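Input: a single structure, listed below in structure tokens.
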Amino acid sequence: MKSLRFWFIFAATQIVGLLIAIPGTPHSGMGFWVISGILLFPGSLLAPFVLDRLGISFGYINLPVTAVFLNLVVWSLAKLLLDRMRRKTAK
């Protein structure tokens, strides 16, 4: 997969995940937050633990920013691994 397409998919997934979380409230049901959590996975799963470990309150900004940052790290590592595997099979 070309790098530009890979990062476009990353950005689109993160933006849609963040935008879907906005209308979600405890009173409207958890559907929006579940879909958002899936799109922002694994950052949505790891961010609360990282923020708690650092002693930072979750907040409406801290949690999504941390989730996207963690996803950036995970997706970058996945991209490096995929490129390395592709180079090995091309030999």
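In the range 1-20, the residue that is nearest to Phe69 (Cα to Cα) out of those that are polar (S, T, N, Q) and surrounded by 12 or more Cβ atoms within 10 Å (Cβ to Cβ) is Gln14. When residues in the range 4-22 are screened for being among the β-branched types (Val, Ile, Thr) and closer than 14 Å to Ile38 by Cβ, 3 of them pass.
How many residues, within the range 33-82, are among the basic types (Lys, Arg) and without any contact (Cβ under 8 Å) to a residue 40 or more places away in the chain? Matching residues across the range 33-82 total 1. Would it be correct to say that Gly55 is out of contact with any Gly (no Cβ under 7 Å at 6 or more places or on another chain) and at positive phi? Considered against the rule, which asks whether it is out of contact with any Gly (no Cβ under 7 Å at 6 or more places or on another chain) and at positive phi, Gly55 comes out as yes. Of the residues making up the range 31-40, at least one is surrounded by 10 or more Cβ atoms within 10 Å (Cβ to Cβ), in contact with a helix residue (DSSP H, G or I) (Cβ under 7 Å, 6 or more places away or on another chain), assigned to a loop (DSSP other than H, G, I, E, B) and at pLDDT 90 or above. Taking the range 49-83, which residues are closer than 24 Å to Ile22 by Cβ, out of contact with any Leu (no Cβ under 6 Å at 6 or more places or on another chain) and small (Gly, Ala, Ser)? Selection gives Ser57, Gly59. Among the residues of the range 56-76, those identified as closer than 12 Å to Leu45 by Cα and polar (S, T, N, Q) are Thr66, Asn71. Residues that are of a type in the set (Lys, Arg) and assigned to a loop (DSSP other than H, G, I, E, B): does the range 63-83 have at least one? Scanning the range 63-83, I find no residue that is of a type in the set (Lys, Arg) and assigned to a loop (DSSP other than H, G, I, E, B), so the answer is no.
The values are calculated or read from the model by the stated rules, or taken from the named source; none is laboratory data. This one's a predicted model, so the numbers in the text were calculated from it and none came from an experiment. As a convention, Cβ positions derive from the backbone with ideal geometry for all residues, glycine included, and neighbour counts pool all protein chains shown.
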